[in-house]
1. So if I restrict to the alpha-carbon atoms in the stretch 3-48, what is the Rg, and what is Dmax, the biggest pairwise distance, in Å?
2. For the stretch 43-128, which GluC sites (Glu not before Pro) are in a loop by DSSP, counting at most 16 other Cβ atoms within 10 Å?
3. Taking only DSSP H segments of four or more residues, each worth -39500 (n - 2.57), what value at 222 nm results for the chain once the sum is divided by all its residues, to the nearest 500 deg cm²/dmol?
4. Given the options Ala131, Asn117, Gln55, identify the residue whose Cα lies farthest towards the positive end of the charge dipole of the chain (+1 on Cβ of Lys, Arg; -1 on Cβ of Asp, Glu).
5. Relative contact order for the chain: what is it in percent, counting Cα pairs under 8 Å that are at least 6 residues apart?
6. For the chain, set up a Gaussian network in which alpha carbons nearer than 10 Å are linked by springs, and say which option among Arg77, Arg110, Arg36 fluctuates the most.
7. Using just the alpha carbons, could you tell me how many Å³ per residue the convex hull of the chain encloses?
8. Can you pull the one-decimal nm distance between simple spin-label points at Tyr133 and Ala86, each 7 Å off the Cα toward Cβ?
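Each reported figure results from applying straightforward, stated rules to the coordinates on display, with no laboratory input. Please read these numbers as outputs of a predicted model, since none were measured by experiment. So basically every Cβ, Gly included, is an ideal-geometry build from the backbone, and we count neighbours across all protein chains shown.
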Amino acid sequence: MSARLAALRALTLRRLTEAQLWRRLERRGYDEEAVRDAIATCKRLGYLDDRLFAQLYIDGRRKPVGDVRLVADLVRRGIAREAAVASVAKAERDQDARLAAAIERIYQRRPTVAYPNVARALERLGFPAPAIYRHLRARAALEFSETGEDSLVAHA
């Protein structure tokens, strides 16, 4: 089987980055020139597009994560760091929206979880500490005002 056919077959099974496809073809024993030709053909035909891969990866994430983690995940998949940063900046949902979704998700699963545990979980998801604490303080203030506890303090 030619490298070009192997590349097309691999791309029918799942979306790959250029680097992933390159590694896959090399592992199968194709020489550098055959791999380069196969990748050029796939790019020319529109079957291989790292920018599209990055955008679909970011917008398709089910688990909300921070910008730092998204960039790292894309780089690990073979996307150039600059292209990964640019793709994350163009994401449908910005980091604040993803952070708010992550907080809601945590509290839906464990309503009584402690504040420090939520903050640590969010840091592991790649969100920056200042944004985490800003969102958690806003949530706590909203919950505090909804319970009416601030009116009890005013009457004391």
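1. According to the Cα coordinates of the stretch 3-48, Rg and Dmax are 9.0, 24 Å.
2. Here the sparse-neighbourhood loop sites are Glu92.
3. Values: 10 runs with 115 residues, N = 156.
So the helix-based figure for the chain works out to -22500 deg cm²/dmol.
4. Farthest towards the positive end: Gln55.
5. Across the chain, relative contact order equals 20 percent.
6. Arg110
7. Numbers: hull volume 20.7 nm³, N = 156.
For the chain, the hull spanned by Cα atoms encloses 133 Å³ per residue.
8. Simple spin-label model gives 3.5 nm for this pair.
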